[in-house]
Each structure stands twice: as C-alpha cells, then as structure tokens.
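Inspection log for the structure reproduced underneath, given as structure tokens.
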Amino acid sequence: MKRIAVLTSGGDAPGMNAAIRAVVRIGLDHDCEVFGVRNGYAGLIDGDIQALTARDVGGIIQQGGTMLGSARAPEFKTEAGRRSALDHLSAKGIEGLVVIGGNGSQTGAHVLSEAGFPVVGVASTIDNDLVGSEITIGVDTALNIALEAIDRLKVTASSHRRAFMVEVMGRSCGYLALMAGIAGGAECIVIPEYEITPEQIAEELRLSRERGKKHAIIVVAEGATYNADKLQAYFEANEEVGGYEEVRVTKLGHVQRGGAPGAFDRILATRLGAAATDSLVGGEHGVLVGLMKSEIVRTPLSEVVGRTKAPDLSLLKLAQALTY
Ligand code: F6P
C-alpha cells in the first residue's frame with residue numbers, strides 16, 4: 001500500500017488531532033503518501049482530499065477539535081454518494097482509509113469495507129458507546145470538563161442551599177453522566193439505562209436534605225427518558241421538590257466537546273492512530289482499532305456496527321450507596 005488517507009467524522013472529540021498526527025507520521029514512516037480528507041464523508045464525496053506532510057500535522061497534538069474538519073453526511077447513505085467517494089479515492093490512487101469517529105462513522109467505514117475498499121476504524125467519540133473499545137478518544141477530556149462544571153456548581157449550590165441539575169451529553173448512552181456523577185459526588189444520577197421517576201428523584205433530594213447536606217446535585221444524561229427539560233417541567237409544576245423551592249438547570253452541551261485533550265486522550269489517540277495505520281498498511285483491514293484492558297485490540301467492523309455499549313450498572317449502585 002503506497003497511498004492512504006485519513007478522515008474524521010461525526011461529532012468531534014478531543015484527541016482527534018493527535019490521532020490524525022499519528023496516522024500521518026506512521027504512514028510516512030511506512031513510506032506511504034498520506035492524504036487528509038476534509039469534513040468527513042462529505043469531503044470524500046466532494047473529492048476534497050489533500051496530501052499531508054509531517055509538518056502539516058505539527059503543533060496540533062494539544063488542540064481540541066479536528067484540523068481536517070468533521071461533518072454528518074447523510075448523502076453517504078446513498079449509493080450515488082458512496083460511488084462518488086470511491087471514485088475520488090481511486091482517482092487519487094488511494095488504496096486505504098483510516099476513519100476516526102464513533103458509531104455512525106464506523107457504519108460508513110463498514111459500508112466501504114463491504115464494497116471492497118480497505119478501511120480501518122479508530123474508536124473516537126465522547127459518548128463511549130462504541131463496541132470494540134472500553135474507552136474511546138475524547139471521553140476522558142469531556143468527562144473532566146463536565147466534572148469541573150459540577151465542582152463549580154456544587155460550590156454555589158452549597159452557599160445558597162440549592163439543588164442543581166446538570167445535563168451532560170452522551171446521546172443515548174449514560175456513560176458520561178454516570179462517571180461525572182460518581183467523580184462529582186452527585187446526589188442523584190439519571191441515565192437512559194436505568195429508569196428513575198421524577199418522584200424518586202424528589203425523594204433522593206429530600207433524603208439528602210434530611211442527612212444535613214447543604215446542596216444537591218443531579219447529573220442527568222441527555223438521552224435519559226426524563227432529561228433536563230422533562231425534569232424541569234415536572235419540578236416547575238410542583239411547589240417544592242424534596243424540600244427545595246426550585247431546581248436550577250445547567251446544560252453543558254457542546255462545551256464538553258471543545259476542550260483541549262488531556263494526557264490520557266493524547267496518548268490513547270496516538271496509540272490507536274498508529275495501530276490503525278500499521279493494520280492498514282499490513283493488510284489487516286475491515287476492523288476497528290480500540291483499547292481493551294489497556295491493550296490495543298482489533299474488532300471486525302461487522303461486529304461493531306449496529307450495536308452500542310452500555311455502562312456498567314454496578315457503578316450506578318455504588319454511586320447510590322455513596323450518597324449518604
Ligand atoms: O456523539 C457525540 C455527541 O456530542 C453526542 O453526545 C451528542 O448527542 C451529539 O454528538 C450532538 O451532535 P451535534 O453536534 O451534531 O449536535
């Protein structure tokens with residue numbers, strides 16, 4: 001393999017740049033020419049593909065986001081879109097592709113792989129819902145951003161003896177909310193994988209007041225049945241909730257995605273990007289490169305797509321036991 005390309009797709013994640021850098025430099029080390037595709041699958045369809053040098057990826061390891069740009073590209077779901085992408089790759093003589101992204105991106109990678117084009121995926125999403133990697137690029141940084149917000153909210157909550165609800169991202173996965181709740185010492189954690197009613201949450205708040213706590217923090221996953229909007233509507237319809245006159249709401253949203261990657265994500269992304277390039281050049285493709293028990297593992301894309309990973313619910317029990 002003499003020409004390979006790399007793209008980032010879906011929601012950006014802190015550490016994507018470190019992965020791009022690793023693909024480019026390890027690719028060059030294998031005597032390949034390496035190309036960067038702009039804006040994910042959209043750039044592949046449009047032929048927005050340029051050669052990258054080792055210097056082009058200098059000074060990006062510490063930056064959040066992705067220097068290549070990212071997009072959600074519904075056109076790639078069409079036969080015409082995929083044909084155009086394959087035509088552009090072939091016109092440039094590109095023989096293999098590294099796809100850095102989460103579930104949707106790896107579904108695209110699988111489709112290309114099934115069409116006979118060599119592709120290797122790199123596990124990257126702040127949601128940590130991808131099968132084939134116990135932790136994905138961006139999770140640790142996003143978690144630390146959420147945690148910093150929770151710590152700050154707890155300070156003001158204590159000063160005013162208030163209850164706060166913090167909504168974190170994660171799509172339909174509760175991993176970020178669960179871990180942020182444990183690390184932030186939340187009084188209540190609401191995730192999609194474990195149903196809890198507004199009445200039960202109110203009861204948790206009442207109990208925490210009774211225990212003499214000056215604050216109450218509820219961490220809510222955006223994908224939970226009762227997300228922040230629904231809980232707020234319930235709380236507003238009730239004069240007081242668990243002894244609190246009101247529950248203030250902070251939605252962290254995209255703030256969690258935009259941070260500079262921490263050491264963990266830079267190292268993880270570097271290892272996964274390098275391993276993906278070794279695989280592609282070495283002829284092992286149609287796989288996702290991820291991390292299991294601190295080791296690099298390769299999982300067939302066919303076993304990754306259409307499935308999602310759920311968080312360990314024993315950790316929710318642990319968090320509940322620690323609210324005393
Ligand atoms: O998949 C990453 C993620 O940040 C999810 O947590 C969130 O639900 C979604 O992307 C938001 O997508 P967008 O940036 O397209 O609004």
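Observations
- On inspection, Arg162 fails the criterion of being out of contact with any His (no Cβ under 6 Å at 6 or more places or on another chain), of a type in the set (Lys, Arg), near the ligand (Cβ under 10 Å from one of its atoms) and open to solvent by 10 Å² or more (accessible area, probe 1.4 Å).
- The sole residue among Glu134, Glu204 that is away from the ligand (no atom under 14 Å from the Cβ) and in the same structural domain as Gly40 (by TED's automatic domain parsing) is Glu134.
- Sole residue being away from the ligand (no atom under 16 Å from the Cβ) and in contact with a strand residue (DSSP E or B) (Cβ under 9 Å, 6 or more places away or on another chain), chosen from Ala157, Ala123, Ala183, Ala177: Ala157
- Taken over the range 95-108, the criterion of being more than 16 Å from the ligand (Cβ to nearest atom) and surrounded by 22 or more Cβ atoms within 10 Å (Cβ to Cβ) is satisfied by Gly96, Leu97, Val98.
- Near pairs, Cβ below 6 angstrom, 6+ apart or cross-chain, from the range 247-267 (of a type in the set (Lys, Arg)) to any residue that is away from the ligand (no atom under 16 Å from the Cβ) and assigned to a strand (DSSP E or B): Arg248/Phe164
- Looking only at the range 186-199, and only at residues there that are farther than 16 Å from Gln232 by Cβ and not hydroxyl-bearing (Ser, Thr, Tyr), the one that is nearest to the ligand (Cβ to nearest atom): Pro192
- Of the set (1) touching an Asp or Glu at 6+ places or on another chain (Cβ under 9 Å); (2) within 20 Å of Gly102 (Cα to Cα), all apply to Asn144 but (1).
The values are calculated or read from the model by the stated rules, or taken from the named source; none is laboratory data. Remember, predicted model here, so these are calculated numbers, not experimental data. A quick note on method: Cβ atoms are made from the backbone with ideal geometry, for glycine too, and the neighbour counts reach across all protein chains shown. Surface accessibility is based on the protein's heavy atoms, side chains included, excluding ligands, DNA and RNA. Shrake-Rupley method; radii C 1.70, N 1.55, O 1.52, S 1.80 Å.
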